[in-house]
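Since every read-out is calculated from the coordinates, none of them should be taken as a lab result. Nothing here was measured: the structure is a model prediction, and the numbers come from that model. As a convention, Cβ positions derive from the backbone with ideal geometry for all residues, glycine included, and neighbour counts pool all protein chains shown.
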Amino acid sequence: MLEKVLFTVDFSPFTENLLGCAEELASVGMREMVLLHVVDANPDAVHGDRPSPDASAPEKEAGAALDSLVDKMGMIPFLVRKVVKTGNPALQILETAKEENVSFIFMGAHGKGFLNRLILGSVSEKVLKLSDRPVMIQQCRVKGGAEDLVCENACSLLLQHILIANDFSSYAEKIEPVLKEFTSTFCAPVTLLHVQESGRSTYGWDANYRAEKKRTKERMRRMQDLASELEPSCGNVRVSFVKGSPGALIPRIADEINASLIIVGAFGNRTTGSLLGGVAEKVARESERPVLVLKA
């Protein structure tokens with residue numbers, strides 16, 4: 001799953017920090033990194049992908065900047081391909097991911113305090129919604145003032161403790177092969193989390209109680225089964241079953257257990273459902289820890 005990764009580069013102050021993730025990903029199977037920068041042809045436009053008539057100069061400058069970044073990386077055990085495109089950044093990222101047939105897309109997002117920007121940028125959010133393959137979002141918790149920006153938490157032992165959130169829906173079953181393939185590439189402790197969100201029922205209290213008890217028992221059994229399947233690769237798999245709001249609890253529990261990476265599932269471009277869109281977006285938007293959103 002990790003053999004070929006698309007890294008998006010925007011030349012923000014913490015770009016070099018994010019590239020530090022490459023070395024760790026290489027240790028668990030990455031063999032090729034596609035380093036992409038998109039020159040925004042029309043940054044004020046809401047729609048469209050119209051190249052500027054004089055795009056060659058910015059593209060040359062971006063190419064030189066990518067060369068400089070690669071030079072700073074020093075000796076690396078993987079192949080690096082540099083790509084510069086002009087157009088709508090989100091659409092060009094998605095198009096390049098398909099052209100290069102990458103395993104997943106890696107994106108940095110400007111975290112809280114970064115020049116008063118939103119937590120998850122519009123480009124990251126659009127790619128997250130529309131991508132047909134996994135997307136990893138690395139938030140940046142900024143330390144320092146506007147003139148001395150440092151990405152404090154970029155890829156600090158990315159695979160040290162993985163939190164996997166699973167809602168055991170029909171879609172979650174579809175991404176299980178992707179999840180198992182990913183976990184088979186590394187050996188790290190895993191916490192398997194299910195957040196059961198209690199819904200309203202048209203039945204009476206007693207019938208609703210029995211239905212929820214049965215559902216809870218079945219999901220706990222499925223969690224144990226999945227844990228047993230992951231254990232040969234992950235070793236230590238802890239199971240956690242809680243009730244509440246998934247979007248709020250997943251980042252909070254990740255903080256409590258000091259997770260190094262959060263994995264959730266999501267529909268391709270759907271934005272409704274449990275962990276299948278809305279929750280995944282909220283987790284990626286609010287968590288200061290890396291979030292890998294799997295797609296079936």
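Between the amide H of V239 and those of L192, distances stay under 5 Å, these residues lying 5 or more places away or on another chain, with hydrogens modeled in the peptide plane. Determine which residues of the range 1-31 fall in the zone a paramagnetic label at S68 would reach in this model, i.e. backbone nitrogen under 18 Å from the point 7 Å along Cα→Cβ. Residues 9-20 qualify, since their backbone N sits under 18 Å from the label point. Note on E173 and D225: the extension gain reaches 17.5 nm, defined as 0.36 nm multiplied by sequence separation minus the Cα-Cα distance.
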